[in-house]
């Protein structure tokens, strides 16, 4: 260590030495220390170069090696070294997608991943640690088997977020999801977010009282609880994130454009603008019929029905609710039928249209293996009983989510709440003005439409 410090002192100015020493202090990766020891001459040569002085000396996290001449791969080892070396994420992504909570991100990401073959991980499922996110992105971006990619940012409460943002290209193309602020608050305040925990069993059989699932789908009007800290790191994030990117390259995407009636054309337009594969109406047309937030079915599915012939004399039904449910589920000799949101599934067949004929089929599917379907088609009585059970269950689902949608909070309820809380209304007005500053300047037409 003393030899390293002496070499740094003799070959770098105090300013450049501090850059390297700060990077060493920030890391607890022994492999990084070894790398620095083995490559100290190359690192010092780079830090002393004219290119570094002109392009990176004032960067908050300057790279310790020339990022334009790095041999790397998709390994975790390289990703962690790249983070410690302050290397920018490889510029292999088509764009960055900024999505405040409530702007239709779940639907947009479905369209990207399933209809347009753009691999984009949902930000909210990633670790709340910027280094982990960086490493995941780094490995994906260096994977030659994933041609088209995008990066999603949906929250600010991430450890070391500032460094993560600094390692993104400030001249990246950006799609920023937006929505009228009253609509965003309606979405955030009007739903029971405890359902995200999915506190129910996800396996059931023909003896199971499916009303337990219906109870989960029932909507209980939540009490409005104002948590400005939470809103500031998950909803009002545009103003903060915008400063990291060139305003000329930010495209503001109003949520109205990705609603079911407009989504297909919007994705075609974006594909042309951002250089990715447009959706194919034949292959992915049904994806654009999905309502991502329809009642609470987003959090109910997937669940798996294990259908077994031995249960035929003990099937639960509203007509016969006092059956004797099985104490345990026989998964080994049963046919597995998965109830899930619609998605591309080449391994299974969707049989929902054999069960019911209403618009619920736009928002859910009933998947079964081809071989199991062939077995059921040869056993018509068994298949009929399964379809009867599922028909009764799904009719109840359909009725419940309709009632839930009718009873959900509306924009008028938010305005009424503000009307009764004038001081709070003024506080939020100030937040809205700050958050929408850039949008008002560049797209007054969108703001006017709200």
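Extents of the chain, taken as max minus min of Cα coordinates on every principal axis and listed largest first, are 87, 57, 40 Å.
Output the relative contact order of the chain, whole-number percent, from Cα pairs under 8 angstrom with separation of 6+ residues. Don't skip to the answer; put the middle values down first.
On the way: 590 pairs, mean separation 73.1, N = 450.
That works out to 16 percent.
Grab the eigenvalues of the alpha-carbon gyration tensor for the stretch 2-70, scale each by 5, take roots, and send me the semi-axes largest first in whole angstrom. Working shown, then result.
Working: eigenvalues 63, 38, 29 Å².
That gives 18, 14, 12 Å for the three semi-axes.
Output the 0 to 90 degree angle, nearest 10, between the alpha-carbon long axis of helix 2-11 and the longest principal axis computed from the alpha carbons of the chain. It works out to around 70 degrees. For the peptides 228-234, 374-380, the ranking by mean Cβ contacts within 10 Å, running from highest to lowest, is 228-234, 374-380.
Between the alpha-carbon centres of the stretch 308-322 and the stretch 23-101 there is a gap of 62 Å. Put a dot 7 Å past the Cα of residue 249, heading toward its Cβ, do the same for residue 73, and the two dots end up 3.0 nm apart.
Maximal additional length on extending the residue 265-residue 209 stretch stands at 15.9 nm, based on 0.36 nm per residue less the C-alpha distance.
Compared with the dominant principal axis of the Cα atoms in the chain, helix 263-274 is inclined by about 20°.
For the chain, the longest principal axis of the C-alpha atoms and the axis of helix 130-141 are separated by about 80°.
Since every read-out is calculated from the coordinates, none of them should be taken as a lab result. In this text the structure is predicted, and so the values were computed from the model without any measurement. Because the Cβ atoms are built from the backbone with ideal geometry, glycine has one as well, and the counts that use them run over all protein chains shown.
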